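Note sheet for the following structure.
The values are calculated or read from the model by the stated rules, or taken from the named source; none is laboratory data. Predicted model, so just to flag it, every value in this text is computed and none were measured. Note that we place each Cβ from the backbone using ideal geometry, even for glycine, and neighbour counts take in every protein chain shown. For accessibility, only protein heavy atoms count, side chains too; no ligands or nucleic acids. Shrake-Rupley method; radii C 1.70, N 1.55, O 1.52, S 1.80 Å.
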Amino acid sequence: MKKQLASSLAIAFSTLAVWSCNQSDPAPKGDYVSGVFVMNEGNFLQNNGGISHFARENNTATADVFAAANGTALKGGVQDYAASEEQGIILVDNSAAGQDKVQFVERYTFKDEGTIGAPDIENPREVVIVGRKAYVSCWGSNSDYQYGTGYIAVIDLTTKKVTQKINIAKGPENLVYNAGKLFVGTTTFTNGKILTVINTNTDQVAQSIPMEGVVTPIGVDVNGKVWINAGIKALRLNPESLVTEATLAIGTDAAKVPGSFTMSNDLKTIFFVLTEFDANFNASGKTYKFNITDSQVDVSKPFISRYFTGLTIDPTQGLLYAAVTPSQTQSGYAVRYRGDGNVVDSIKVGITPTGFFFQ
């Protein structure tokens, strides 16, 4: 009888615990609980960027989820998107001075939850979320196109206010976070050759490291090492000492620009696009990969003989997502590839796709 009573009590407490958990942690509701989000820059002068969305099992997309949820477009080009908890953050760059903004949305419905505009946010480029703070790289006003007014805007996600601007001249752009340090690169439009390291506990510049070329932080590998692209080289940095432990040449032609870096899910392989421009600044190129244990990057054998405007690996399925931009006046495509480089399918998205976010 005691055993039966104990068993009944155990079942009752277990049921209560499950019920309590279900009551305290309800499943998120909305049209965008899961799936793939595509950042579309649009045509810069037309300010017609947006975020597309599709389910992983589908091959058709909603072209502009913000417009669908709010009845109005973002009115600018989408530079980046990130989400934390139930909050999404869209970086919107408008061709008109003073019209740039950070757009907050409810993560699963994409309903408007307010904005931060100029002068706090000017020419936003990329966002990284650390706890309840968002770090947004901004070119600043940049009215003279000299890239001397850049900064990192630190945003309190609870109050939705910029609490600090960390001065980073020369067009801050790409960001990688690792263990209390934010690694900041510079845009390819400038001669900035400095890797800036910010202590995210103090939000102060901890170190500025000169490099041989324009700097793009890539990511953190399986061994906890930070990879950086500088000019036509890939560098492996010790995140504690900030000393370069390995240098891999990416070809010998400085006219070919490496970009759109992304890491495999096992953090052992790095994919990238090698871009070149003709006399009219039309871009072309091919896609390559290398292993973190390689001693050099082989650019004689492309992984995919095609140029893309963005690359990302889906952490759920492991597929490579590649952004295709036929022109800045027509819809682009998200093309999915298997690990062997074979095409799975393609999905029509917005104008000028450049990046992906998965949830």
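Observations on the model:
- The chain: Rg to Rh, with Rh as the Kirkwood radius over Cα pairs: 1.02
- Distance in nm between pseudo-label sites at ASN167 and SER34 (7 Å out along the Cβ direction from Cα): 4.8 nm
- Largest-first principal axis extents of the Cα set of region 190-229 (Å): 28, 27, 13
- Full extension of the chain segment joining ASN70 with SER95 gains 6.8 nm, where the gain is 0.36 nm per residue of separation less the Cα-Cα distance.
- The chain - mean residue ellipticity at 222 nm from DSSP helices (-39,500 (n - 2.57) per run, n ≥ 4, rounded to 500): -2500 deg cm²/dmol
- Extension gain, LEU267 back to ASP340 (0.36 nm per residue minus Cα-Cα distance, nm): 24.6 nm
- Rounded if a/c under 1.5, otherwise prolate or oblate - region 268-359, Cα gyration tensor axes: oblate
- With each label modelled as a point 7 angstrom along the Cα→C-beta vector, the VAL222-LEU242 pair spans 2.9 nm.
- Treating r as the C-beta distance of THR252 and GLN46 and R0 as 35 Å, the FRET efficiency rounds to 0.35.
- When +1 charges are put on Lys and Arg Cβ atoms and -1 charges on Asp and Glu Cβ atoms, the dipole computed for the chain relative to its Cα centre reaches about 640 debye.
- Sparsely packed chymotrypsin sites (Phe, Trp or Tyr not before Pro) within region 76-172, loop by DSSP, other Cβ within 10 Å at most 10: TYR145
- Once each of the GluC sites (Glu not before Pro) sitting in a DSSP loop with at most 10 other beta-carbon atoms within 10 Å is removed, the chain keeps 86-239 as its longest stretch.
- Using alpha-carbon coordinates, inclination of helix 2-24 to the longest axis of the chain, degrees: 40 degrees
- Taking all protein chains into account, the per residue accessible area for the chain stands at 47 Å² (1.4 Å probe).
- Apportionment of accessible area to carbon and sulfur, region 116-193, percent (1.4 Å): 48 percent
- Candidates per chymotrypsin sites (Phe, Trp or Tyr not before Pro) in region 230-331, loop by DSSP, up to 11 other Cβ within 10 Å: PHE281
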